[in-house]
Amino acid sequence: EAQVTQNPRYLITVTGKKLTVTCSQNMNHEYMSWYRQDPGLGLRQIYYSMNVEVTDKGDVPEGYKVSRKEKRNFPLILESPSPNQTSLYFCASNPGTSDPQGQYFGPGTRLTVL
Amino acid sequence: AQSVAQPEDQVNVAEGNPLTVKCTYSVSGNPYLFWYVQYPNRGLQFLLKYITGDNLVKGSYGFEAEFNKSQTSFHLKKPSALVSDSALYFCAVRDSGTYKYIFGTGTRLKVLA
């Protein structure tokens, strides 16, 4: 089944404790992206990747890191989480970078930073 | 800079009536426009897109959207609403000159039986 998977689905952590949210897609998509969803703010793009080893900042990259060492994986790293990073996070993938298609979204990761 | 506006936080419509969810955008180049739907406790699902060509695009679940370049709008429509259409709807835009996506703040659609 074609899908985007994220782990963990739920995470409660404390300020400053490094964490990684994994994202994997099995569709050989070039483009992958991370978003956060907050009430009243909609979805905001954190980082995106056009292909392996090619990443760029979205609208809200502060406090986050990403890497794209393999085509299928695009982990989101919070080196020192803070309470303002409490949010619902979505990973998404897209078949092409130059040819815009609809994105496939993962199920979401609900992160709480205490 | 790119931007998207969804002016209505919530839209209520009676089952069987036509529905419209509004979206306006701003880009410097040519727009790529998208609609997504989010059901409770789920990820987003792609509904339809406008890249080029016919201004009226049809998508999943009977939804359609009309691209209006002069009004910079891309409103989502359905001729006859179902209770099961109740969900959160997001409009998104990507400027043809970038790889960045901008999403609106979302419109909650409530279809009343």
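The mean number of Cβ atoms from other chains found within 10 Å of a Cβ in peptide A:43-51 is 3, as a whole number. Cross-link partners for B:Lys77 among the lysines, with Cα-Cα distance under 22 Å and sequence neighbours closer than 8 places in the same chain left out: B:Lys22, B:Lys49, B:Lys58, B:Lys69, B:Lys110. Remark: relative contact order (the stretch B:3-60) = 24 percent; criterion is Cα-Cα distance under 8 angstrom and separation of 6 or more residues. Note on the stretch A:1-65 and the stretch B:73-104: Cα centroid distance 21 Å, given to the nearest whole angstrom.
Mind listing P(r) for the stretch A:1-42? All alpha-carbon pairs, 10 Å bins, whole percents. Histogramming the stretch A:1-42 at 10 Å steps yields 19, 43, 31, 7 percent. Amide H to amide H distances under 5 Å link B:Cys23 with B:Phe74, B:His75, B:Leu76, where only residues 5 or more positions off or on other chains count and H is placed in the peptide plane.
Rounded to the nearest 20, the Cβ-based charge dipole of the protein assembly as shown about its Cα centre (Lys and Arg +1, Asp and Glu -1) stands at 420 debye. Take every Cα pair under 8 Å in chain A that's 6+ residues apart, average their separations, divide by the length, and report that relative contact order as a whole percent. 36 percent. Sorted largest first by accessible area at a 1.4 angstrom probe radius, with every protein chain in place, the residues A:Arg72, A:Arg36 fall in the order A:Arg72, A:Arg36.
Remark: chain B carries a charge dipole of roughly 180 debye about the Cα centre, counting +1 on each Lys and Arg Cβ and -1 on each Asp and Glu Cβ.
Note on B:Tyr61/B:Glu8: beta-carbon distance plugged into 1/(1 + (r/R0)^6) with R0 of 35 Å gives a FRET efficiency of 0.95.
The lysine pair count for chain A, using Cα distances under 19 Å and pairs eight or more places apart or on different chains, is 5. Taking every alpha-carbon pair under 8 Å whose residues sit at least 6 apart, chain B reaches a relative contact order of 38 percent.
Measuring only protein heavy atoms, the 1.4 Å probe finds A:Glu62 accessible over about 130 Å². For the protein assembly as shown, the solvent-accessible area works out to 46 Å² per residue, with a probe of 1.4 Å and every protein chain left in place.
Chain B and chain A together bury an accessible surface of about 1800 square angstrom, both sides counted, with a 1.4 Å probe and no ligands or nucleic acids included.
The values are calculated or read from the model by the stated rules, or taken from the named source; none is laboratory data. None of the values given here were measured: they were computed from a predicted structure. Here the Cβ is made from the backbone with ideal geometry for all residues, glycine too, and neighbour counts use every protein chain on show. We work out accessible area using only protein heavy atoms, side chains counted, and drop any ligands, DNA or RNA first. Shrake-Rupley method; radii C 1.70, N 1.55, O 1.52, S 1.80 Å.
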